[in-house]
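Participant: Dumping the structure here so I can ask a few things about it.
The values are calculated or read from the model by the stated rules, or taken from the named source; none is laboratory data. These numbers come from a predicted model, not from an experiment. Here the Cβ positions follow ideal geometry from the backbone for every residue, glycine too, while neighbour counts run over all protein chains shown.
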Amino acid sequence: MGRQKLQKPPKKRKKRRSVQKSSRRRGYVVERKVRLTFDKFGWKTIRAGASLGEADLICIKKGKCILLQVKSTKKDKFYYYDYTSSELEGLPFYLVVDFGYGKTRIIPPKKTVTPKDGKDLKEFLSKKSA
């Protein structure tokens, strides 16, 4: 009798996550990181869950309120096409862009943002908190 060859079980295919789902997850992680940074500086933050509007975070401290749109990119430039006014309903509105590697910038909204634009988030908060 000859030896029978054992067959390997078929390889399981990995499920692919949709691009939309992973970008939502990345957005949530960056929003959380920004929220925790504001919390460390004494701000109260409210996250607009699955926000489809202009502001992702509402930040309040000592009678001040600012609205934030949070974005992230791995590139050296970020192109922003949404709400471009520096105020929303009379409240200050800022764009926060996380370029990764600790380069989180806060700036009034504009179409093209680079890691050198605006202010570092922690620097901005230390001046706003004073």
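Participant: Pick from region 30-81 the residues that are of a type in the set (Ser, Thr, Tyr) and farther than 17 Å from Asp117 by Cβ: which of them is modelled with the lowest pLDDT? Write out each step before concluding.
Facilitator: Start the filter on region 30-81 by keeping residues that are of a type in the set (Ser, Thr, Tyr), which leaves 37, 45, 51, 72-73, 79-81.
Next, only the ones that are farther than 17 Å from Asp117 by Cβ stay: 37, 45, 51.
Values: Thr37: 94, Thr45: 95, Ser51: 57.
Out of the qualifying residues, it is Ser51.
Participant: While we're looking at this one, here's another question. Of Thr104, Thr114, which residue is over 18 Å from Val29 (Cα atoms), of a type in the set (Val, Ile, Thr) and at pLDDT below 95? Give the steps one after another, and end with the answer.
Facilitator: On the way: Thr104 fails: over 18 Å from Val29 (Cα atoms).
When all the criteria are applied, what remains is Thr114.
Participant: For the list (1) polar (S, T, N, Q); (2) over 15 Å from the mean Cα position of the chain (by Cα); (3) in a strand (DSSP E or B), I need the number of the one condition that Thr45 fails.
Facilitator: The single condition Thr45 does not satisfy is (2).
Participant: Of the residues that make up region 85-92, is at least one touching a helix residue (DSSP H, G or I) at 6+ places or on another chain (Cβ under 7 Å), farther than 14 Å from Leu125 by Cα and among the polar types (S, T, N, Q)? If you could, list the steps in order and put the result at the bottom.
Facilitator: Residues of region 85-92 touching a helix residue (DSSP H, G or I) at 6+ places or on another chain (Cβ under 7 Å): none.
Scanning region 85-92 turns up no residue that is touching a helix residue (DSSP H, G or I) at 6+ places or on another chain (Cβ under 7 Å), farther than 14 Å from Leu125 by Cα and among the polar types (S, T, N, Q).
Participant: I've got another one for you. Does Asp56 fit the bill of being touching a residue at least 40 places away in the same chain (Cβ under 8 Å) and under 13 Å from the mean Cα position of the chain (by Cα)?
Facilitator: Numbers: touching a residue at least 40 places away in the same chain (Cβ under 8 Å): no; under 13 Å from the mean Cα position of the chain (by Cα): yes.
The answer is no for Asp56.
Participant: Still on this structure, I have one more. Go through region 111-130 and give me each residue that's surrounded by 14 or more Cβ atoms within 10 Å (Cβ to Cβ) and over 21 Å from Lys61 (Cβ atoms).
Facilitator: Val113, Thr114, Pro115, Asp117
Participant: On to the next question. List the pairs whose first member sits in region 70-81 and is over 22 Å from Ala48 (Cα atoms) and in contact (Cβ under 8 Å) with a residue 24 or more places away in the chain, whose second member is polar (S, T, N, Q) and assigned to a loop (DSSP other than H, G, I, E, B), and whose Cβ atoms are under 7 Å apart, counting only residues at least 6 apart or on separate chains?
Facilitator: Short answer, once both residue conditions are applied: Asp76/Thr114; Lys77/Thr114.
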